[in-house]
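One structure below.
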Amino acid sequence: WDNADFSRGVGTTFYQEFSTFNTAKPPFVRDVEAKVRRYLRSSYSAAWTLKITWEKAPAYAAWTDTRKTITYQAVLTTDGFRSYILMLYQDGGMQWDYTRLSSTNVLIGYT
């Protein structure tokens with residue numbers, strides 16, 4: 001959730017919504033449910049899921065360097081009572097040069 005900078009025409013962001021309350025669940029949603037169950041050791045059945053993808057996103061400020069990009073996703077899901085987020089990064093992890101970011105306390109993930 002850092003400052004991706006798309007002002008130079010490099011990279012894109014897109015999303016896909018899955019409303020699955022009383023409908024058949026696509027494989028992606030079943031995979032998300034399985035991950036939540038496995039990581040949290042609880043039963044979980046998604047009623048709504050949102051997948052947001054930042055593809056080849058350069059770090060702010062892109063005017064300085066657009067060669068180092070990252071593709072990552074945030075998957076938000078809820079059963080109407082409990083909500084979860086999965087943060088998924090491309091193989092190899094974060095590709096941005098964190099030493100050039102304005103913030104010095106960089107974390108991947110959340111606490």
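The values are calculated or read from the model by the stated rules, or taken from the named source; none is laboratory data. Quick caveat: nothing in here was measured; it's all calculated off a predicted structure. Neighbour counts are summed over all protein chains in view; Cβ atoms, including those assigned to glycine, are modelled from backbone coordinates with ideal geometry. Just the protein is used for accessible areas: all its heavy atoms, side chains included, with ligands, DNA and RNA removed. Shrake-Rupley method; radii C 1.70, N 1.55, O 1.52, S 1.80 Å.
Would you check which residues across the range 1-11 are in contact with a Phe, Trp or Tyr (Cβ under 6 Å, 6 or more places away or on another chain) and surrounded by fewer than 17 Cβ atoms within 10 Å (Cβ to Cβ) and list them?
Matches in the range 1-11: N3 only.
For the range 44-53, state whether one or more residues are farther than 30 Å from A24 by Cβ, modelled with pLDDT under 95 and out of contact with any Asp or Glu (no Cβ under 7 Å at 6 or more places or on another chain).
No - not one qualifying residue is present in the range 44-53.
For the range 95-110, state whether one or more residues are of a type in the set (A, V, I, L, M), assigned to a loop (DSSP other than H, G, I, E, B), open to solvent by 80 Å² or more (accessible area, probe 1.4 Å) and at pLDDT below 95.
Yes; the residues of the range 95-110 include at least one that is of a type in the set (A, V, I, L, M), assigned to a loop (DSSP other than H, G, I, E, B), open to solvent by 80 Å² or more (accessible area, probe 1.4 Å) and at pLDDT below 95.
When only residues in the range 52-64 that are open to solvent by less than 40 Å² (accessible area, probe 1.4 Å) and part of a strand (DSSP E or B) count, which is nearest to L76 (Cα to Cα)?
Across the range 52-64, the extreme among qualifying residues is I52.
Of all residues in the range 12-43, how many are over 22 Å from Q90 (Cα atoms), open to solvent by less than 80 Å² (accessible area, probe 1.4 Å) and either touching a residue at least 40 places away in the same chain (Cβ under 8 Å) or of a type in the set (K, R) (or both)?
Total satisfying the criteria: 1.
Is there a residue in the range 70-78 that is in contact (Cβ under 8 Å) with a residue 24 or more places away in the chain, open to solvent by 60 Å² or more (accessible area, probe 1.4 Å), hydroxyl-bearing (S, T, Y) and in a strand (DSSP E or B)?
No, the conditions are met nowhere in the range 70-78.
Considering only the range 2-23, state which residues are at pLDDT 85 or above and aliphatic (A, V, I, L, M).
If the condition is that a residue be at pLDDT 85 or above and aliphatic (A, V, I, L, M), then no residue fits.
Return the residues of the range 35-62 that are under 28 Å from F6 (Cβ atoms) and among the small types (G, A, S); say none if nothing qualifies.
A57, A59, A61, A62
Select, from Y72, Y60, the only residue that is out of contact with any Ser or Thr (no Cβ under 6 Å at 6 or more places or on another chain), of a type in the set (F, W, Y) and modelled with pLDDT of 80 or more.
None of the other options fit; the residue is Y72.
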